[in-house]
1. Of the residues ALA37, ALA72, ALA97, ALA103, only one is outside any loop (DSSP other than H, G, I, E, B) and over 25 Å from TRP140 (Cα atoms); which?
2. If the Cβ limit is 8 Å and pairs must be 6+ apart or interchain, which residue in the stretch 141-156 that is touching a residue at least 60 places away in the same chain (Cβ under 8 Å) and open to solvent by less than 50 Å² (accessible area, probe 1.4 Å) pairs with which residue that is part of a helix (DSSP H, G or I) and charged (D, E, K, R)?
3. May I ask you to verify whether GLY170 is within 19 Å of LYS264 (Cα to Cα) and either hydrophobic (A, V, I, L, M, F, W, C) or open to solvent by less than 10 Å² (accessible area, probe 1.4 Å) (or both)?
4. Cβ-Cβ below 6 Å, separation at least six or inter-chain, first residue in the stretch 89-117 and more than 24 Å from MET179 (Cα to Cα), second among the β-branched types (Val, Ile, Thr) and surrounded by 20 or more Cβ atoms within 10 Å (Cβ to Cβ): which pairs?
5. If you go through the stretch 21-34 one residue at a time, do you hit one that is outside any helix (DSSP H, G or I), more than 25 Å from the chain's Cα centre (by Cα) and basic (Lys, Arg)?
6. Looking at ARG113, ARG102, can you tell me which residue is surrounded by fewer than 16 Cβ atoms within 10 Å (Cβ to Cβ), of a type in the set (Lys, Arg) and at pLDDT 95 or above?
Amino acid sequence: MTDFTILLLPGAYASSVAATLDVLQAASALAPRLKLARPTWRVLSVAGGSVPLSSGMQVETSALPKRHGPDAGTWIIPGLGLDSPGAIIQGLASADAQRLVRAVATHAALGGRVAASCSAVFLLQAAGLLPGRRVTTSWWLAAELQRVEPLCIVDADRMVCADGPLSTAGAAFAQTDLMLHLLRVQFGVALADAVGRILLIDGRQAQAPFVVPAMLSNGNELVARLVKRIESALPHPPSVQTLAQEFAMSQRTLSRHVKEATGKSTMALVQSVRLNRARMLIESSRMSIDRVAGQVGYEDATALRRLMRKVTGANPSRYRTAGLKADF
């Protein structure tokens, strides 16, 4: 039995593929030192042979079998290299992608486990695997995933979501977090932690620290204008009621538009803008955390720390750029 099957489509994000292979190679090298079994894997594509990845890289693969029997291993789909809803629709319409969709659906129907990150989570959606599951994907694609699959719960704040036989992760470099999770589940904490230390992978629980509010709009003019309005008002962010009045709509209508575009409530959008500004000030200045809190409209550092821990899972001091010190 092969522990992991890595499935590739032409154009897959090269770094996501490389991260998958590098984590497995490191695990294979470290396992004997820990007196653990070595993980085994194979790399497949629809036709086999050399598959072109993004950035001009290529990787050798074996052909996907035409018939699929029960497979106790985990099938892994790295990021597809598709960064917008339109590109995802076009990419998943290809013959190779449709063949992979059918294979993944069959594997899951036979009781197999599946893992994917970034835009590859949309392939799981196309295979009908998401209804009733809690999943994640790249934070800027979360609203689109929720739109196309309303029967799942898209938790865009999480770096990795595990729900039954499905494991999903955020943007392409969350593939490292996904691989450590899979190693932890199938080979134990010791091997996963050893790989993380050797490759200097810092376990991350949330995508929230990396959200750029302006990108949440995904081309939505209203949300882009809202973000600019909120940013320009700091340290005195407008209330949701004020925003609704200024944009000539009810709070309910405003909330609906924001939710459709970003997957967040209007208040969550306001908080995202404030936290992003706070993070930038912490990383790039010598301001104390109390002063940063005041710059984004919080009464004191305690309130800012509390919100950052809740949303990002980390204290403000984590984002202090190396070499810059402040009185916390």
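The values are calculated or read from the model by the stated rules, or taken from the named source; none is laboratory data. Bear in mind the structure is a predicted one, so any value in this text is a computation, not a measurement. All Cβ positions, glycine included, derive from the backbone under ideal geometry; neighbour counts span all protein chains shown. Ligands, DNA and RNA are stripped out before the accessible areas are found, and what is left, the full protein with its side chains, is counted by its heavy atoms. Shrake-Rupley method; radii C 1.70, N 1.55, O 1.52, S 1.80 Å.
1. One residue alone meets the criteria, ALA103.
2. From the stretch 141-156, the pairs are ALA143/LYS259; ALA143/GLU260.
3. Against the criterion (within 19 Å of LYS264 (Cα to Cα) and either hydrophobic (A, V, I, L, M, F, W, C) or open to solvent by less than 10 Å² (accessible area, probe 1.4 Å) (or both)), GLY170 qualifies.
4. Note: pairs meeting the criteria are ASP96/VAL46; ARG99/VAL46.
5. No, because not a single residue in the stretch 21-34 is outside any helix (DSSP H, G or I), more than 25 Å from the chain's Cα centre (by Cα) and basic (Lys, Arg).
6. Every option except ARG102 fails the conditions.
The rows are residues; the columns are (1) closer than 22 Å to GLN90 by Cα; (2) open to solvent by 30 Å² or more (accessible area, probe 1.4 Å).
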residue: PHE4; (1), (2): no, no
residue: LEU24; (1), (2): no, no
residue: ALA27; (1), (2): no, no
residue: LYS35; (1), (2): no, yes
residue: PRO39; (1), (2): no, no
residue: LEU53; (1), (2): yes, no
residue: VAL59; (1), (2): no, no
